[in-house]
Protein chains: 2
Amino acid sequence: MGNIKIILAYDGTNYHGFQEQRGTKFVTIQSVLEERLARLTGREIRIIAASRTDAGVHARGQVVNFIADDWPIPVERLVRALNGILPEDIVTLSAEEVPGDFHARFSAVAKTYCYTIYNSPVPSPFWRLYSLHVPHPLDIEAMREAGRYILGKHDFVVFRALGTPVQSTERTLYTVAVNRSGLLVRLELRADGFLYHMARMIAGTLLRVGMGKVLPGSMPDVLCGREKRLAGPVLPAGGLCLERVEYGP
Amino acid sequence: MGNIKIILAYDGTNYHGFQEQRGTKFVTIQSVLEERLARLTGREIRIIAASRTDAGVHARGQVVNFIADDWPIPVERLVRALNGILPEDIVTLSAEEVPGDFHARFSAVAKTYCYTIYNSPVPSPFWRLYSLHVPHPLDIEAMREAGRYILGKHDFVVFRALGTPVQSTERTLYTVAVNRSGLLVRLELRADGFLYHMARMIAGTLLRVGMGKVLPGSMPDVLCGREKRLAGPVLPAGGLCLERVEYGP
């Protein structure tokens with residue numbers, strides 16, 4: 001067995017993000033997964049993730065891969081074996097062998113994030129960890145209009161928090177969808193990649209548009225940096241979920 | 001202000017049930033609510049609940065009342081004031097003044113509980129605290145058929161765990177509904193009252209019917225006690241939620 005691809009779902013509430021933080025004792029999704037893989041196989045495994053989700057961010061379709069030579073477990077038994085020893089807030093949805101050149105991060109062609117707002121005068125105890133509670137009425141149409149201005153290929157540097165340096169801050173946003181279903185408002189963002197905090201800053205900007213504090217027509221000025229102060233804020237982590245990662249054919 | 005009725009929603013995960021357990025230090029919904037009401041008003045308040053939900057059981061529509069004479073807070077401000085100091089897993093949905101003879105438990109004419117099953121080969125990290133994970137396929141029609149046999153007025157003593165003595169074990173079950181929505185299967189039970197563990201034991205029996213381990217046609221024998229061993233098991237608390245409590249006109 002060579003290169004293994006795994007799809008994961010997790011509740012990020014109790015983790016300090018996906019990526020192992022060397023020199024710290026913070027529990028991360030990566031540290032738990034690598035520890036369990038080592039326990040299963042007696043081998044040291046290093047995993048690569050499509051997206052290094054932040055502390056408190058959730059995933060329904062995170063993708064990881066790892067190279068496993070001389071591997072003792074048939075891949076078709078891996079889902080059950082891993083779920084048997086993972087904590088209940090991390091679940092392996094699927095496992096398969098992939099070509100040797102598959103790389104969870106570099107092979108990804110698109111990622112979809114969803115930001116969930118619980119829009120009701122009173123909060124919900126059941127959504128408190130998976131949404132942002134917004135008691136004010138929201139203008140969904142205005143949020144959609146604002147979203148249309150940022151669709152496509154742009155320099156998204158204003159929607160980026162300080163973080164690790166990147167080569168380019170240009171990204172292509174394929175989808176900005178805003179939908180209400182009962183008391184939930186969901187913002188879906190699909191792009192070829194996301195800058196650090198980009199999804200949560202776009203969500204924060206659209207939320208302010210929905211509350212009438214920013215006009216949809218200001219979005220071009222926000223995007224080009226003329227109205228940089230209107231970008232954001234970075235919304236809290238709990239509302240964000242990595243929905244899926246897409247790969248080429 | 002005299003008699004105050006409050007509707008509550010809570011995530012029961014972190015509580016040892018609703019009712020305060022005297023002589024123990026367990027944190028209950030009641031102890032938290034009474035402590036916060038005392039903090040708000042400077043008075044000692046004793047609350048009465050429609051249902052004393054067990055440890056880990058949730059509520060979307062628990063009803064409580066309390067007598068508050070010489071009360072310092074207008075009832076229309078109570079929802080916001082309470083939610084401002086309650087922990088995030090307990091939420092006040094509404095508050096109103098009611099006639100002096102209203103009693104959250106004794107005035108109730110019907111209660112609805114819902115048991116949620118997450119029916120998928122792999123579990124969900126997001127439903128782990130609010131459902132029972134059942135990987136086996138379920139025969140929803142068989143569960144519905146079994147449910148029809150227990151509708152109406154019966155002695156439900158076989159669906160009762162040992163607990164506080166009650167005067168009568170006769171109850172009237174008005175609704176047994178079984179519905180699938182995506183990966184969720186929901187069992188809704190509406191009755192004039194529930195015996196200790198009755199909802200979770202009926203859910204356990206219907207689950208075994210759905211798995212093909214008990215025939216729907218056995219239900220009359222289960223109910224009358226001839227096949228008592230087929231009643232139950234008591235399903236885990238996390239799947240159960242008190243949906244609503246109804247009162248007369």
Rounded to the nearest 0.05, FRET efficiency between residue B:77 and residue A:192 (Cβ-Cβ, R0 45 Å) equals 0.35
What are the extents of the Cα atoms of chain A along their three principal axes, in Å, largest first? 58, 41, 36
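Residue B:243: net charge of surrounding residues, Cβ under 11 Å, Lys/Arg +1, Asp/Glu -1, itself excluded? Could you put the intermediate results ahead of the total?
Details: positive: B:60, B:111, B:186, B:190, B:244; negative: B:188, B:246.
Overall, the nearby charge balance is +3.
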Ranking A:237, A:209, A:150 by how far each Cα lies towards the positive end of the charge dipole of the range A:109-247 (+1 on Lys and Arg Cβ, -1 on Asp and Glu Cβ), the top one is A:237
Tally up the carbon and sulfur contribution to the accessible surface of chain B as a whole percent, 1.4 Å probe, everything protein left in place. 51
State, in square angstrom and to the nearest 100, the accessible area buried between chains B and A, both chains counted, probe radius 1.4 Å. 1600
Could you pull out the chymotrypsin sites (Phe, Trp or Tyr not before Pro) across the range B:90-184 that fall in loop regions by DSSP (anything but H, G, I, E, B) with no more than 15 other Cβ atoms inside 10 Å? B:106
Those residues in the range B:113-149 that give up at least 40 Å² of accessible surface, probe 1.4 Å, once the partner protein chains are present instead of the chain by itself are B:122, B:123, B:125, B:126, B:128, B:130
Using the Cβ atoms and a cut-off under 14 Å, what net charge is assigned to the surroundings of residue B:170, where Lys and Arg are +1 and Asp and Glu are -1? +1
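Taking a ≥ b ≥ c as the square roots of the Cα gyration tensor eigenvalues, with a/c under 1.5 meaning rounded and otherwise prolate when a/b beats b/c, else oblate, which class fits the protein assembly as shown? Kindly include the intermediate steps, with their values, before the conclusion.
On the way: a/c = 2.23, a/b = 1.35, b/c = 1.65.
Oblate shape, in that a/c is at least 1.5 and b/c is the bigger or equal ratio.
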With runs of 4+ DSSP H residues as the only contributors, calculate the mean residue ellipticity of the protein assembly as shown at 222 nm using -39,500 (n - 2.57) per run, divided by the residue total and rounded to the nearest 500. -6500 deg cm²/dmol
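Once you list every other residue whose beta carbon is under 13 Å from the beta carbon of residue B:77, what net charge do they have if Lys and Arg are +1 and Asp and Glu are -1? Kindly include the intermediate steps, with their values, before the conclusion.
Working: positive: B:80; negative: B:76, B:96, B:97.
Charge balance in the 13 Å sphere: -2.
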Along Cα→Cβ, 7 Å out, is where each label goes; now give me the distance between the ones at residue B:148 and residue B:88 in nm to one decimal. 4.6
What share of all Cα pairs of the range B:199-249, in percent, falls into each consecutive 5 Å distance bin? 5, 19, 25, 18, 11, 11, 7, 3, 0
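Using the Kirkwood radius over Cα pairs, work out the Stokes-Einstein diffusion coefficient for the range A:109-247 at 25 °C and 0.890 mPa s, in µm²/s as a whole number. Walk me through the numbers before you get to the answer.
Details: Rh = 15.0 Å.
This corresponds to a translational diffusion coefficient of 164 µm²/s.
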Number of partner chain Cβ atoms within 10 Å, mean per residue of A:55-61: 1
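Could you state the accessible area per residue of chain A in Å², with a 1.4 Å probe and every protein chain left in place? Please list the in-between numbers first.
Numbers: 11520 Å² over 249 residues.
Solvent-accessible surface per residue comes out at 46 Å².
Can you say what percent of the DSSP beta bridges in the protein assembly as shown, counting only those with both residues inside, are antiparallel? Round to 5.
Counting only bridges with both partners in the protein assembly as shown, antiparallel ones make up about 90 percent.
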Residue list for the range A:52-80, given a label point 7 angstrom along the Cα-to-Cβ vector of residue A:35 and an amide N cut-off under 15 Å: none
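Quick check: convex hull over the Cα atoms of the range A:1-146, volume per residue in Å³, rounded to an integer?
Working: hull volume 21.0 nm³, N = 146.
Hull volume normalised by residue count: 144 Å³.
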Cα-based reach from residue B:228 at 21 Å (exclusive), listing lysines while leaving out same-chain residues under 8 positions away: B:153, B:213
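The values are calculated or read from the model by the stated rules, or taken from the named source; none is laboratory data. Nothing here was measured: the structure is a model prediction, and the numbers come from that model. Using ideal geometry, Cβ is built from the backbone for each residue, glycine included, and neighbour counts are taken over all protein chains shown. Calculation scope for accessible area: heavy atoms of the full protein, side chains included, ligands and nucleic acids excluded. Shrake-Rupley method; radii C 1.70, N 1.55, O 1.52, S 1.80 Å.
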